[in-house]
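The values are calculated or read from the model by the stated rules, or taken from the named source; none is laboratory data. What you see is a predicted model, and the numbers here were worked out from it, not measured in a lab. Please note: Cβ atoms are built from the backbone with ideal geometry, for glycine as well, and neighbour counts cover all protein chains shown. Ligands, DNA and RNA are excluded from the accessible area calculation, which covers all protein heavy atoms including side chains. Shrake-Rupley method; radii C 1.70, N 1.55, O 1.52, S 1.80 Å.
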Amino acid sequence: MALDIRSSSPPNTPIHALTFFRGAFSTIPSNEECDLSAWRVIEMIAPEDGPRLVEDKSNAPYFVLCPLKVAPFVGKTAERFPGKSGKQRSAAHLTEGSAFANDLDGLTPAQWERIVEHMVAAGVMFCAYSTHSHGKAPDEVRARVLLFMDRALDPVRWADVWHVLNGLYFDGLADPATAKLSQQAGVWMAHPDRVQLAFRIAMRGALLSADALLSLVPPKPERTKFAAPVAPVGDQSARYAEALALVGAEHYADWLAGLCALKGAVMLGHLSDEDGAALWWRFTDTASAEAQEKNDDSRFDPESMWARWMPSAAPPDALVGKLFARARDKAMALVRGEMAQGGELSAAGLSAAQYLAAYHRRAFEELRGVPA
C-alpha cells in the first residue's frame, strides 16, 4: 500500500493488555494480563504449536484486548450479584484498547489472499488465524486477524479507527460486531474433525500509528446548536441516569427513546459526547440477554448506533422531553400501583417517588392528593 501508517515506536513496546474468560458465556474475567508486547499477545492467543482442539467452541477461552475496570455489575451478572461491583465483560466496564481482533467470515479464497497481501505489503505486525468454524463450508475462509497500535484509545476513538482499518486492509468485509471493544473473541481453536484445515499466519513488523489512523477518520457532521427549553435540574448526568433507569432498556421503543434523548442532550449541551456515550452504554447493558440478541447486527449494535445516529425529524429538546415524560409516567404508574396495595413503598417505589419530587413536582403533589 502507498499509505504508510506504521509507527516509529519499537514493536516490542509492552503496552498491550489481554483479559481472558473461561468460555463464550462467561462475563467475569478468569485472568488479566497487562504490559504485554504485541508478539506476546499473539503467543498467548494463537501459539505456534497449534490450535486448541475443542468440539464445542463455547468451552474454549475467549478474550478482549483491553483491561477492564471495577464498576457496578450490569445485566444478568447484576442479577447474580445484586448490588455488587467488579470487573465484567460489558461496555460499562471498558477502559482503553490498543489492539484489534477482526473477524472475517465467509470470504472467498481470492478475497482472503488479497487481504493478507494488503497487510504483508504494509509491513505491520499481525496474526491471522482460522476460527473454529473454518472448514465447515468448502472454499470459504473464516478467520480472525489481530492488529496492534502504538498506544491505547478510548472506546469511541478505538471504534473510529476500527472503521478506518476495515477499509484499508479488509475491503470493508470485517464483521461489524468486532467494531466494539467489548466484543469477545475466541483463541485459536479447531474442531478435531477439521484440524487439518486450521491455519496461522504471524508476521513481525511495525505497530500501527494511532495518530496516523486517527487522522484518517472522517470528520463528524457539525451539530446544530439549539436553545434548551427543557433544562435539567441539578446534576445533569444524574438526572438522565435516573430517567433512563425508570424507562428501562428492555423494550425497543424505550431503548430507542433513550438513544434519541441522549443524542439530543449532547446537541443541547446538557452532556458531553463522552458522558452521553457512557450513559448510553450503561443503559443498553441493563437489558436482558434476550433483548440484546440482535446487538451483533450492525443495524442494532449500540456502539454503531451511537456513532452514526443523529436527530433529524424531531428537535433535540423534544427528544429529551419525551424521555423525561416516559420516566415521569413510569414513576407515577409504579408509585400508584404500590399505593393501591395499601402497604409501604418498596425501594423501587420510594426511588420513583423521590424522582418525581425532585423533577416533576406537580405529578408528585398529584400523587399526594395536594392541589397543584
- Message: With a 10 Å cut-off between alpha carbons and a GNM built on the chain, which of Arg362, Arg52, Arg151 moves the most?
- Response: Arg362
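With every protein chain present, what is the per residue accessible area of the chain (1.4 Å probe, Å²)?
For the chain, the solvent-accessible area averages 47 Å² per residue.
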- Please build a GNM for the chain, connecting alpha carbons under 10 Å apart, and tell me which residue among Asp211, Asp193, Asp154 fluctuates the most. Asp193
- Could you tally the net charge around Phe73, taking each other residue with its Cβ under 12 Å from the Cβ of Phe73, Lys/Arg +1 and Asp/Glu -1? +4
- Estimated 222 nm signal from helices in the chain, with DSSP H stretches of n ≥ 4 weighted -39500 (n - 2.57), rounded to 500: -11500 deg cm²/dmol
- Item | Extension gain from Tyr252 to Ala121, taking 0.36 nm per residue of separation minus the Cα-Cα distance | 42.7 nm
- So for the stretch 156-214, what percent of the C-alpha to C-alpha distances run longer than 14 Å? 69 percent
- Query: Expressed as a fraction of 2.2 N^0.38 Å, the rule-of-thumb size for a compact globular protein of N residues, what is the C-alpha radius of gyration of the stretch 86-169?
  - Reply: 1.23
- Message: How would the stretch 2-81 be classified by its alpha-carbon gyration tensor: rounded, prolate or oblate, with rounded meaning a/c under 1.5 and the a/b versus b/c comparison settling the rest?
- Response: oblate
- Query: Pick from Pro302, Pro51, Pro14: which is most flexible by mean-square fluctuation in a GNM of the chain where alpha carbon atoms under 10 Å apart are linked?
  - Reply: Pro14
- Note on the structure: Neighbours of Ala327 by Cβ distance under 11 Å: Lys/Arg at +1, Asp/Glu at -1, summed charge +2
- Query: Which whole DSSP H helices in the chain pass both tests: a Cα extent of 27 Å or more along the axis and a mean Kyte-Doolittle value no lower than 0.0?
  - Reply: 316-340
- Message: Set the bar at 22 Å for Cα to Cα. Now go through Lys84/Lys322; Lys76/Lys136; Lys76/Lys180; Lys87/Lys263; Lys76/Lys263 and name every pair that lies beyond it.
- Response: Lys84/Lys322; Lys76/Lys136; Lys87/Lys263; Lys76/Lys263
- Message: Please list the three semi-axes, largest first and in whole Å, of the ellipsoid equivalent to the stretch 1-136, using sqrt of 5 times the eigenvalues of its alpha carbon gyration tensor.
- Response: 30, 20, 14
- Note on the structure: Summed over the other residues with a beta carbon less than 11 angstrom from that of Ala249, with K and R at +1 and D and E at -1, the charge totals -2
